[in-house]
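Here the structure is laid out as structure tokens; the discussion comes afterwards.
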Amino acid sequence: MNQYQIFYDLHHQAQPLLIANAWNVKSAQIIEKAGFSAIATSSGAIANSLGYNDGEQIPFEELFYIVKRIKASTNIPLTVDLERGYTNDPEVLNSHIQQIIDIGAVGINLEDNQGEDIFLKKLKSITKYLTQTNQKLFINARTDVFVQNLDNPIETVINRAKLYKDAGADSLFVIGLKDLETIKEIIQAVQLPVNVIGISSLSSVEELASIGVKRISMAGILYSAGYEKINSLVKTIKEENSLSKLY
């Protein structure tokens, strides 16, 4: 079974896919060694680690170099946070998709924060390209409805989910969710596997599994938590004028 099929099947099992987000080779290798079934990248974490702000401020070439090194240094399925595609040009977008496929990655996240219409154009362009070239790539359609505070957010997410599924999305990633009841209502109304971020109020894998969540991401939270510990450590070393906390 190839890695794409393994990754696809992980979204259709009884237990949700718990996926950790890497930002460099070392973090990806730690995730693999810990026993996770797949690795996702965090565009925000990669950008921040290289001194860029999130939101496609990092050039695609620099992002791709990190992604390429992660894939070359690990052995489990890798999905790439592609933000908005790092372009509005369909030909350039398809070139980005091909590069991601060529290194062996099995999936992408694609965001709709430019609006439903632009997102659908990009999604349809990608799926058309995949069909024409007889290739597969798992597309996790991220909707920013809740974080953008759009009107009637639940209804809007449900409507978008149908459109995105019809356009070729493989799963629905809803960010900004904070409670189980809202997630449950969305899951019951859509026909795509639903991906959420495991924030502090949604940290129980068991609870999320019980309402039908199929994928749980960490986004940039793992990155932030790790560097917060480093921050605390170096402050202590400086304040105590001692390296003892390193040992």
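Compute the distance in nm between two label points, each set 7 Å from the Cα along the Cα-to-Cβ direction, one at V92 and one at N241.
For V92 paired with N241, the spin-label model returns 5.4 nm.
If you count, for each residue, the other Cβ atoms within 10 Å and average over each peptide, how do 172-179, 137-144 line up from highest to lowest?
137-144, 172-179
On alpha-carbon atoms, Rg over Rh for segment 114-247 using Kirkwood Rh? Walk me through the numbers before you get to the answer.
On the way: Rg = 19.7 Å, Rh = 17.2 Å.
Looking at segment 114-247, the ratio lands at 1.14.
What part of the accessible area of segment 81-149, given as a whole %, is carbon or sulfur when the probe is 1.4 angstrom?
Values: 1300 of 2950 Å².
The C+S portion of the solvent-accessible surface of segment 81-149 is 44 percent.
Please give the per residue accessible area of the chain, computed with a probe of 1.4 Å over protein heavy atoms only, in Å².
Numbers: 12370 Å² over 247 residues.
I get 50 Å² per residue for the chain.
Given C-alpha coordinates of segment 3-222, what is the ratio Rg to Rh with the Kirkwood estimate of Rh? All intermediate terms of the calculation are to be shown ahead of the outcome.
Working: Rg = 16.1 Å, Rh = 17.3 Å.
Rg/Rh for segment 3-222 comes to 0.93.
Over segment 3-222, calculate the relative contact order: mean separation of alpha carbon pairs under 8 Å at least 6 apart, over the residue count, as a percent.
Numbers: 378 pairs, mean separation 45.8, N = 220.
Once normalised by length, the contact order is 21 percent.
Where Lys and Arg each count +1 and Asp and Glu each count -1, what net charge lies around L202 among other residues with Cβ under 15 Å from its Cβ? Write down the numbers at each step before the final one.
On the way: positive: K178, K184, K214, R215; negative: D179, E181, E185, E206, E207.
Summing Lys and Arg as +1 and Asp and Glu as -1 gives -1.
Could you check how much of the accessible area of segment 36-76 is carbon and sulfur, as a whole percent, using a 1.4 Å probe?
Numbers: 790 of 1850 Å².
The C+S portion of the solvent-accessible surface of segment 36-76 is 43 percent.
Taking the Cβ of L222 as the center, what net charge do the other residues with Cβ under 12 Å away carry, scoring Lys and Arg +1 and Asp and Glu -1? Before the final figure, lay out the partial values.
Values: positive: K229; negative: E228.
Net charge around L222: 0.
Under 12 Å from the Cβ of Y8, count the other residues' Cβ atoms, weight Lys and Arg +1, Asp and Glu -1, and hand me the total.
Working: positive: K136, K214, R215; negative: D9, D170.
Net of charged neighbours comes to +1.
Just to verify a number: FRET efficiency for K229 and A189, C-beta to C-beta distance, R0 = 41 Å, to 0.05?
About 0.55, to the nearest 0.05.
The values are calculated or read from the model by the stated rules, or taken from the named source; none is laboratory data. The model shown is predicted, which means the values in this text are computed figures rather than measured ones. Counting neighbours? That spans all protein chains shown, and the Cβs are built from the backbone with ideal geometry, glycine included. Quick note on the areas: whole protein, heavy atoms, side chains included, nothing else; ligands and nucleic acids left out. Shrake-Rupley method; radii C 1.70, N 1.55, O 1.52, S 1.80 Å.
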